[in-house]
Amino acid sequence: MNNRNEKVVVTQNKYGGCIECIDPTNEVYNIIIRQGYKFATLTGNLETLLQTQLESGSIIYGGKIITKESFSPPTDDPSLCLKQKEGKLCKKNGKVIYSHSYFTYDNTDKDEIIKED
């Protein structure tokens with residue numbers, strides 16, 4: 001599913017930068033990245049993300065975005081990981097499919113995709 005030739009690119013936020021606060025109470029920030037049609041986030045505190053020196057349009061070399069799908073949610077908030085197509089919830093044999101994407105430098109890590117009904 002991942003084309004190894006596709007670059008991992010840092011996306012631009014609505015302010016022209018790339019770091020956004022997602023939880024001001026706990027000081028959690030993220031950078032959204034994309035590779036082809038896949039998106040993932042790099043999450044951490046502001047100091048750590050600033051140390052990456054990433055900017056909108058930066059290319060991250062040597063890594064890739066992986067998608068893992070399952071019938072159980074990978075996070076504390078399952079609604080964030082529901083697989084949907086064209087606004088419809090994806091299911092297989094009546095079970096809801098959850099989808100989670102992340103960035104890795106592990107070349108042996110592979111996508112795990114569940115084909116919906």
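No value in this document is a laboratory result; all are computed from the given coordinates. Values in this document were obtained by computation on a predicted structure and should not be read as measured data. Don't worry about glycine lacking a Cβ; one is built from the backbone with ideal geometry, like all the others, and counts go over all protein chains shown.
Each label was represented as a point 7 Å from its Cα along the Cα-to-Cβ direction; for D111 and L80 these points are 2.2 nm apart.
How much net charge surrounds K115 when only other residues with a Cβ under 13 Å from its Cβ are counted (Lys, Arg +1; Asp, Glu -1)?
Values: positive: K83, K85, K91, K92, K95; negative: E69, D111, E112, E116, D117.
Result for the local shell: 0.
Counted by Cβ distance under 10 Å from K92, the other residues give a net charge of +1, where Lys and Arg count +1 and Asp and Glu count -1.
Matching the structure-derived mean projected area of the Cα convex hull in nm² against the labelled list [x] 8.9; [y] 7.7; [z] 8.4 gives the label [z]. Separation of the alpha carbons by more than 28 angstrom is noted, of K7/K91; K14/K110; K7/K110; K14/K64; K68/K88; K83/K110, for K7/K91; K14/K110. Between K91 and E55, full extension at 0.36 nm per residue minus the direct alpha carbon distance yields a gain of 9.2 nm.
Can you put E69, E86 in order, fewest other beta carbons within 10 Å first? Let's see the in-between values first.
Values: E69 20, E86 5.
With the fewest neighbours first, E69, E86 line up as E86, E69.
Highest average first, the peptides 106-114, 29-37, 58-66 ordered by how many other beta carbon atoms sit within 10 Å of their residues are 29-37, 58-66, 106-114. Neighbour counts of other Cβ atoms within 10 Å put V28, V10 in the fewest-to-most order V28, V10. In percent, rounded to a whole number, the relative contact order of the chain is 25, using alpha-carbon pairs under 8 Å and six or more apart.
Each Cα pair under 8 Å and six or more residues apart adds its separation to the average, and for the range 49-117 the resulting relative contact order is 40 percent.
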